[in-house]
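Worksheet: the structure to be examined is printed underneath.
The values are calculated or read from the model by the stated rules, or taken from the named source; none is laboratory data. Worth saying up front: this structure is predicted, and the values here are computed from it rather than measured. Note: ideal-geometry Cβ built from the backbone for every residue, glycine included; neighbour counts use all protein chains shown. When the accessible area is computed, the model is the full protein with side chains, heavy atoms only, and any ligands, DNA or RNA have been set aside. Shrake-Rupley method; radii C 1.70, N 1.55, O 1.52, S 1.80 Å.
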Amino acid sequence: STLRVWVDDAVVTRSSVSAAITNGTFDIDLTGWTDADESGATSAWATGGNLGLTGTAFAKAKRQQQVTVTETGTEHALRIVVARGIVSLRVGTTAGGDDYVSERMFRPGTYSIAFTPTSNFHIELSANTTYQSLIDSIAVESAGVMTLTAPWAEDDLGLIRYDQSGDVVFVAAYGYQQRRIERHASNSRSWGVALYEP
């Protein structure tokens, strides 16, 4: 039920940092997040404790937040859980900027995205889907081994079949919806496990 990543015979780990995201679980509202919706798009709190983003196909629903950094020059990582839809993430030195993490699109799944800030950073979550995309949570990763939630139990390991295409390993196992194991940076420090929805 857990996936770890090894690079050059060492498991990928996260550093201890003090940066924190305000209200990254969206339990009761969107306090701490700035509304940056484009014309006609809507971002709102969604029942169940989610950030809901509804675009127009051409305009994006957006929420932004600035995060204070104490340990500049130390790798940070964001853990993002997407519950539904296609969601984009940008991380930069300014609101809407992407000089730390260029815009990336995420399917339903769990992701750990690493970057090294030299100052405070700004997060932007967005979607242009005409249906409501849902983000369950976003947080700065805790120190220790990077793990991602996976559906397979130990007894299922013999059932797993996989094939790789570029930075994606497509995984199938009897009794489970197919998954995508995704690498999101050339330095092998950013990963995700997402649903495969053909």
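Using 1/(1 + (r/R0)^6) with R0 = 45 angstrom and r between the beta carbons of residue 165 and residue 28, what's the FRET efficiency to the nearest 0.05? Computed FRET efficiency for residue 165 and residue 28 comes out at 0.65. Computed over protein heavy atoms with a 1.4 Å probe, the accessible surface of region 58-148 works out to 38 Å² per residue. Working from label points 7 Å from Cα in the Cα-to-Cβ sense, the residue 118 to residue 145 distance is 3.4 nm. Cα centroids of region 1-19 and region 111-151: 15 Å apart. If you roll a 1.4 angstrom probe over the protein chains with everything in place, what fraction of the accessible area of region 34-156 belongs to carbon and sulfur, to the nearest %? So the carbon and sulfur contribution to the accessible surface is 47 percent.
This structure gives Kirkwood radius over Cα pairs in Å, computed directly, and of [x] 18.0; [y] 17.4; [z] 19.5 that value is listed as [y]. Taking only the alpha-carbon positions of region 1-64 and ignoring solvent, what does the Debye formula give for the base-10 log of I(q)/I(0) at q = 0.16, 0.22, 0.27 Å⁻¹? Calculated log10 I(q)/I(0) at the listed q: -0.72, -0.87, -1.08.
The order of the peptides 46-57, 14-25, 149-160 by mean Cβ neighbours within 10 Å, most packed first, is 46-57, 14-25, 149-160.
Once the Cα-Cα distance is subtracted from the 0.36 nm per residue extended length, the residue 187 to residue 130 segment shows a gain of 17.2 nm.
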